[in-house]
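**Student:** Sharing a structure here in structure tokens format.
The values are calculated or read from the model by the stated rules, or taken from the named source; none is laboratory data. As the structure is a computational prediction, the values presented were derived from the model and not from experiment. So basically every Cβ, Gly included, is an ideal-geometry build from the backbone, and we count neighbours across all protein chains shown.
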Amino acid sequence: MDNPVLKTYKAEEGHSYTDKEKLFCYYYVQYWNGAKAAREAGYKESNDRGQASENLSKPHIKQLIEEMKSDLEFMSGVSKLRNLQELGKIAYLSAEDVYTTEFTLEEFNNLSEQAKSAIMEVENTQRVISSEGENIVIDKKVKVKFYSKQQAIQEINKMMGYNEPDKVEHSGGLEHKFKGMSDSEVEAEAKRIREKYDD
């Protein structure tokens, strides 16, 4: 297998990587699918899931995956920050830039870079608005469809962890109240509580 990844990544901290392990990491970072990465690396297809699970449990394999992931992000210019910046262009697009979805060519060319980044589809349209002999006037427009601001905001919230449920610290709960009580005492207290709310 003539793959540059075999020569690029050397052994670290006393761990030597086999060619298959290097290729597994390389394909895993591409597909994020362990079974597929195992097959692409040359492991037996009949045990691709088992081999993937075994590889992903090894600390030195995890370390190599993180290293390759960082290298790919650097070389491709892809990063969480850049993704957030692109989503931010959609999420926080000013209403002044999207007052319409149909523009003249001049208006379209004068859109801000942020507005252009938020465009999902572009369609050129034209219609004849007057015709006198050989003099034909054609109205040319550019129709656009913007990405959803709401979906962009939801994706930002997801990436930043804003959708995680708030953790509520409980103090003096039932466990604390019943601590040290015998079974009969707990039963009596539970009965008292039930009677209190049944009244």
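**Student:** Do you know which residues across region 44-61 are surrounded by 14 or more Cβ atoms within 10 Å (Cβ to Cβ) and either among the small types (Gly, Ala, Ser) or not assigned by TED's automatic domain parsing to the domain that holds Tyr27 (or both)?
**Tutor:** Listed by number, the residues that qualify are Gly50, Ala52.
**Student:** Can you tell me which of (1) modelled with pLDDT of 90 or more; (2) within 28 Å of Gln151 (Cα to Cα) is the one Lys20 doesn't meet?
**Tutor:** Answer for Lys20: the failing condition is (2).
**Student:** Is it the case that region 91-98 has a residue that's of a type in the set (A, V, I, L, M), farther than 25 Å from Gly161 by Cα, surrounded by 12 or more Cβ atoms within 10 Å (Cβ to Cβ) and within 23 Å of the chain's Cα centre (by Cα)?
**Tutor:** Checking region 91-98: not a single residue is of a type in the set (A, V, I, L, M), farther than 25 Å from Gly161 by Cα, surrounded by 12 or more Cβ atoms within 10 Å (Cβ to Cβ) and within 23 Å of the chain's Cα centre (by Cα).
Listed here are the residues, each with its yes/no results for (1) surrounded by 11 or more Cβ atoms within 10 Å (Cβ to Cβ); (2) at pLDDT below 70; (3) not β-branched (Val, Ile, Thr).
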position	(1), (2), (3)
Ser117	yes, no, yes
Gly133	no, yes, yes
Gln151	yes, no, yes
Ile156	yes, no, no
Asn163	no, no, yes
Leu174	yes, yes, yes
Lys191	no, yes, yes
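**Student:** Taking the condition of being under 19 Å from Ser148 (Cα atoms), in contact with a Lys or Arg (Cβ under 8 Å, 6 or more places away or on another chain) and either of a type in the set (Val, Ile, Thr) or outside any strand (DSSP E or B) (or both), how many residues in region 114-127 meet it?
**Tutor:** Here the count works out to 5.
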